Amino acid sequence: MPTTYECNSCGLILEFGWYHYHSFSSGYGASTLVGCLACGCQHRVEIAMRDRGPEFLHDYDVLLTAVSAEQRLQVMTQLRKDLAISLSQAQSAVNRLPFVIKRALDCCEARTLEKTYRGVGAVIEMKVVTSKANPDFGPIQQDRLLRCTSLRFRSDGAKPEFTPTGVRNRDNSLAGEFRLDEQACGLCGCIGDLVSGLSEPHSPCPNCKSGRLAETGGWVT
Ligand SMILES: [Zn+2]
Ligand SMILES: [Zn+2]
């Protein structure tokens with residue numbers, strides 16, 4: 001949850017903290033809010049998604065492979081309920097195993113079905129029938145540093161606008177991370193003044209130098 005600080009003299013606003021996104025289609029999953037202690041410009045580090053699910057998505061047939069004599073009745077009752085079949089059809093199903101309960105389910109549906117039948121004492125097999133590449137698999141972005149297009153003040157009202165500074169992962173690989181303390185502020189150019197939090201509760205204002213930054217609230221994502 002990010003925390004908002006405001007200068008009691010010039011009204012400068014700086015926010016710190018972390019929030020996650022609700023859509024990951026951009027390849028980014030979260031941002032950490034960062035501020036420049038030299039000029040007061042709000043920055044944020046956008047965190048690239050490392051893992052967006054398995055490489056392949058499978059479909060499964062769910063098979064009933066064994067039923068003990070004591071559990072036959074419960075399993076047949078479950079089959080009749082799930083498949084809307086007659087008693088004699090349920091009997092013939094458990095007499096001729098393996099029996100395919102349902103075909104081509106996704107992983108989640110198949111596991112739910114598996115759990116249900118294990119719960120009534122059946123032995124279940126999940127058989128992979130199709131595999132397709134997960135279109136969202138793997139990282140597609142690098143972490144990057146953005147800055148606000150201008151200093152933010154209480155009177156602004158509008159949502160802050162961010163623009164990329166050009167800083168991305170240092171080694172140009174998808175998995176690396178850049179060091180914040182080595183980066184230059186995107187507005188004033190000072191190096192080593194970007195911080196992800198304030199070390200004291202009433203830090204001096206980096207803009208007017210006379211006021212103090214005080215916590216005024218936070219927001220939930
Ligand atoms: Zn700066
Ligand atoms: Zn100030």
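Read-outs: derived from the displayed coordinates by stated rules, not from any lab. None of the values given here were measured: they were computed from a predicted structure. Note that each Cβ is placed from the backbone with ideal geometry, even for glycine, and that neighbours are counted across all protein chains shown.
Under 16 Å from the Cα of Lys127, which lysines turn up, not counting those fewer than eight places away in the same chain?
Straight-line reach from Lys127, under 16 Å: Lys102, Lys115.
Tell me, what ³J(HN,Hα) does each residue in the range 81-88 have, in order and in whole Hz, if you take phi through Karplus 6.51 cos²θ - 1.76 cosθ + 1.60 with θ = phi - 60° and put x for Gly and Pro?
With coefficients 6.51, -1.76 and 1.60, one gets 5, 6, 10, 6, 10, 7, 4, 5 Hz.
Taking amide hydrogens as modeled 1.01 Å from N in the peptide plane, which residues meet the under 5 Å criterion relative to Val167, leaving out close sequence neighbours?
Hits under the 5 Å cutoff: Leu145.
Would you be so kind as to identify which of Gly121, Ala158, Cys148 lies farthest towards the positive end of the dipole of the chain, taking Lys and Arg as +1 and Asp and Glu as -1 on Cβ and the Cα centre as origin?
Gly121
Which of the trypsin sites (Lys or Arg not before Pro) found in the range 76-122 are in a DSSP loop and have at most 10 neighbouring Cβ atoms, other than their own, within 10 Å? Working shown, then result.
Numbers: sites: Arg80, Lys81, Arg96, Lys102, Arg103, Arg111, Lys115, Arg118; in loops: Arg96.
Here the trypsin sites (Lys or Arg not before Pro) that fit, given the DSSP loop and packing criteria, are Arg96.
Quick one: Karplus J couplings for the range 156-168, per residue in order, coefficients 6.51, -1.76, 1.60, θ = phi - 60°, nearest Hz, x for Gly and Pro?
4, x, 5, 5, x, 9, 10, 9, x, 8, x, 6, 10
Let me know the Rg and Dmax you get for the range 56-133 when you use only its Cα atoms, in Å.
Every Cα atom of the range 56-133 included, Rg and Dmax give 12.5, 42 Å.
Could you give me the ³J(HN,Hα) list for the range 138-149, computed from phi with Karplus coefficients 6.51, -1.76, 1.60 and θ = phi - 60°, whole Hz, x at Gly and Pro?
The phi angles translate into x, x, 10, 10, 10, 3, 8, 9, 10, 10, 5, 5 Hz.
Mind listing the long-range amide H neighbours of Cys41? Cut-off is under 5 Å, sequence gap 5 or more, other chains count too, H placed in the peptide plane at 1.01 Å from N.
Cys36
Can you tell me, using C-alpha contacts under 8 Å and at least 6 residues apart, the relative contact order of the chain as a whole percent? Show your work: numbers first, answer last.
On the way: 481 pairs, mean separation 68.2, N = 221.
With pairs under 8 Å counted, the relative contact order is 31 percent.
By the gyration tensor of its Cα atoms, with a ≥ b ≥ c the square roots of the eigenvalues, what is the shape of the chain: rounded for a/c under 1.5, prolate for a/b over b/c, or oblate? Don't skip to the answer; put the middle values down first.
Details: a/c = 4.78, a/b = 3.03, b/c = 1.58.
Verdict is prolate for the chain.
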